[in-house]
Amino acid sequence: MGEEFYSHARLYDLMFPGGGPVVDFYRDNAERQGGSVLELGCGTGNKLIPLAADGRPCVGLDFSSEMLAEAERKASERGVAVEWVRGDMREFELGRTFDFVFITANSLLHLHEASQLVSCFRAVRRHLAPGGRFVFDVFNPSMGMLAAADGVRRTRDALSFVDPDRGNVRVEVAEVYDAAAQVTRGTWYLSTDSEPDFVVAPLELRSIFPQELPLLLSLGGLRLVERFGDWSGRPFTANAQVQLCICESA
Ligand SMILES: C[S@@+](CC[C@H](N)C(=O)[O-])C[C@H]1O[C@@H](n2cnc3c(N)ncnc32)[C@H](O)[C@@H]1O
């Protein structure tokens, strides 16, 4: 579940500043749906706080107390009300239903076993109000991407950032793909010139292949209504980078 990786919540926000078309997509969908919102794996609230700022009742659930503490700090700084819950998306009970449930930024891929994904989908199903929608995004595991996970440590220029406390931070990642488990096992290295490898943290993400995805959903009592391949709503095709899934109760 990446506990070590997500214990650096402030650095996470510097590395993945959020905003842009992803927020717009979830915002538009939450607005179309209306009513209450639940995000599972909400992290520091990059997607949820903007939805709550629109006046929607929002609950954010996450496993990491460090990510939740940062989310809480940012929401109160902006004067936005969100209920933050420490919990496990594999099995949770909040005692109420929601009109819009979402999981974004590959958070779902922290569940490696098929049984864990089904258990999560069942919990989502129990928390969906009548007519409610469940929307999530996961990457599309292309052969090229999996083959590139060759164990070599490489710099990710696009993720480099400036930490006000440390200066320029370089991000390097070494990944190998475990084809039996369908899991990409990565190690992330954060360095400055004066402080090499000040963070070394594992991060392991499962692949969900396009054909297994609707089957896993149906085992959880959910139905895939539509699958997009990008944030502008283009259909999902072989070359799409993302599987953006719109689901409802079966
Ligand atoms: C890639 S981050 C995404 C955070 C946020 N949704 C965003 O878009 O910035 C993944 C989040 O999932 C959380 N997570 C991982 N496994 C989880 C689990 N089993 N239950 C709840 N949260 C989990 C991590 O703690 C982390 O905050």
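The values are calculated or read from the model by the stated rules, or taken from the named source; none is laboratory data. Not measured: the values here are computed from a predicted model. Heads up, the Cβs are rebuilt from the backbone with ideal geometry, glycines too, and the neighbour counts pull from every protein chain shown.
Just a few scattered comments:
- Some residue of segment 153-173 being within 25 Å of residue 90 (Cα to Cα) and touching a helix residue (DSSP H, G or I) at 6+ places or on another chain (Cβ under 9 Å): no
- Residues in segment 58-84 that are loosely packed, with under 15 Cβ neighbours inside 10 Å and under 27 Å from residue 32 (Cα atoms): 76, 78, 79, 81, 83.
- Single residue of 134, 102, 121 found to be among the aromatic types (Phe, Trp, Tyr), within 11 Å of the ligand (Cβ to nearest atom) and either assigned to a strand (DSSP E or B) or closer than 18 Å to residue 217 by Cα (or both): 102
- Matching residues, segment 1-17, being closer than 19 Å to residue 61 by Cα and of a type in the set (A, V, I, L, M): 1, 9
- Among the residues of this structure, residue 113 counts as one that is among the charged types (D, E, K, R), closer than 19 Å to residue 2 by Cβ, more than 10 Å from the ligand (Cβ to nearest atom) and within 18 Å of the chain's Cα centre (by Cα).
- Residue within segment 129-144 that is among the acidic types (Asp, Glu) and not assigned by TED's automatic domain parsing to the domain that holds residue 236 present: no
- Qualifying residue in segment 18-26 (condition: charged (D, E, K, R), modelled with pLDDT of 95 or more, touching a Leu at 6+ places or on another chain (Cβ under 7 Å) and farther than 16 Å from residue 72 by Cα): no
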